[in-house]
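To keep things clear, I will list the structure first and then write my remarks on it.
The values are calculated or read from the model by the stated rules, or taken from the named source; none is laboratory data. This one's a predicted model, so the numbers in the text were calculated from it and none came from an experiment. Cβ atoms come from the backbone with ideal geometry, glycine included; neighbour counts cover every protein chain shown. Ligands, DNA and RNA are excluded from the accessible area calculation, which covers all protein heavy atoms including side chains. Shrake-Rupley method; radii C 1.70, N 1.55, O 1.52, S 1.80 Å.
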Amino acid sequence: SAYTAFQQRALEVLGKDGGMDNSMFQPLSRLHITCCVLKLLSEDQVQRAAEVVQDLAVQLSQDKRLNLQLKGLDIMNDDPTETSVVYACVTGAGEHLLRKKTNSAVLKLKEQGIITEEELAQSRNLNGKGQIDVKLHMTVINTKRGRGDRRALDVTPLLADLGTYDFGEVDATEIHLSLFHAPPQKSSSKYYTYHTKCNLGTVL
């Protein structure tokens, strides 16, 4: 697969002296596009977030197809010589719709006090004007998954070599409210456990 080829090339570029190892890659079974990360502190917040996710699924289902392309690499901080998270960028025909509808959903969450402006700024989900502009992304490397001291990496060579890497296209068919710190599902997929799962489809 394109992701396996990416892993192999990344290890060639950053392995050994660069400090990269297999444990830092997001497992294939857990690849996903992140719309927004929430810190839900009560069951009431979880339920209200689930309602927003369900409404978002309805909004996204107005279109027959939500096609997304995963191409290019970026980082979660400003210094490529010391970074912990590398992600694939989300583009493609459905990206504008997904961003627009997710921005509206995150605004609802902010209005309900489920996420704060400070948290949005820290997660880089605000634009230069201070407006909500979610950073749609697919994490591919996270050094916190790695062994040892979990030090940051200098990913400058990786961005130079694979900065425009094309992971391919995908049709989004589901949206989840996932529980990142819960045990994985008891299934062969080992994907994140989710509180809410909504299928995307045409609403008649």
Practice problem: Could you grab the relative contact order for the chain? Cα pairs under 8 Å, six or more apart, rounded to a whole percent. | Solution: 33 percent
Quiz item: Over the C-alpha atoms of region 118-168, what are the Rg and the largest Cα-to-Cα span, Dmax, in Å?
Solution: 14.5, 40
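Excluding ligands, DNA and RNA, what is the solvent-accessible area per residue of the chain at a probe of 1.4 Å, expressed in Å²?
Values: 11440 Å² over 204 residues.
Accessible area per residue: 56 Å².
Please report, as a whole percent, how much of the solvent-accessible surface of the chain comes from carbon and sulfur atoms (probe radius 1.4 Å).
Details: 5540 of 11440 Å².
C and S atoms contribute 48 percent here.
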Quiz item: What is the Cα convex hull volume of region 73-141 when expressed per residue in Å³?
Solution: 97 Å³
Quiz item: What is the Cα centroid distance between region 95-113 and region 1-67, reported in whole angstrom?
Solution: 17 Å
Quiz item: Within a Cβ distance under 15 Å of GLN8, other residues only, what is the Lys/Arg minus Asp/Glu net charge?
Solution: -1
Exercise. Report Rg/Rh for the chain, rounded to two decimals, where Rg is the Cα radius of gyration and Rh the Kirkwood radius.
Key: 0.96
Exercise. Quick one: grab the alpha carbon gyration tensor of region 32-152, order the square roots of its eigenvalues as a ≥ b ≥ c, and give me rounded if a/c is under 1.5, else prolate or oblate depending on whether a/b is larger than b/c.
Key: oblate
Quiz item: Which cross-chain or sequence-distant (5 or more) residues have an amide H under 5 Å from the amide H of ILE141, H modelled 1.01 Å from N in plane?
Solution: GLN26, VAL86
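Could you give the length gained by full extension between LYS71 and ASN22, i.e. 0.36 nm per residue of separation minus their alpha carbon distance, to one decimal place? Before the final figure, lay out the partial values.
On the way: separation 49, 0.36 × 49 = 17.64 nm, distance 2.12 nm.
Here the segment from LYS71 to ASN22 would lengthen by 15.5 nm.
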Exercise. With the cut-off at 15 Å, report for region 24-75 the share of all Cα pairs above it, as a whole percent.
Key: 68 percent
Exercise. Could you work out how far apart the two model spin labels at GLU82 and ALA50 are, taking each label as a point 7 Å from the Cα in the direction of the beta carbon, and quote it in nm?
Key: 4.2 nm
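May I ask for the net charge around LEU158, where only other residues with Cβ less than 12 Å from the Cβ of LEU158 are counted and Lys, Arg are +1 while Asp, Glu are -1?
On the way: positive: ARG9; negative: GLU12, ASP74, ASP154, ASP161.
Neighbour charge sum, excluding LEU158 itself: -3.
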Quiz prompt | Amide H contacts of LEU136 (H built 1.01 Å from N, under 5 Å, at least 5 apart or other chain) | solution = none
Quiz item: If you plug each phi of region 82-99 into the Karplus form 6.51 cos²θ - 1.76 cosθ + 1.60 with θ = phi - 60°, what whole-Hz ³J(HN,Hα) values come out, in order, with x for Gly and Pro?
Solution: 8, 9, 10, 10, 10, 9, 8, 7, 9, 9, x, 4, x, 5, 4, 5, 4, 5
Quiz item: Tell me, what HN-Hα J-couplings in whole Hz come from the Karplus equation 6.51 cos²θ - 1.76 cosθ + 1.60 at θ = phi - 60° for each residue of region 62-74, using x for Gly and Pro?
Solution: 5, 8, 6, 8, 10, 8, 10, 10, 10, 9, x, 10, 8
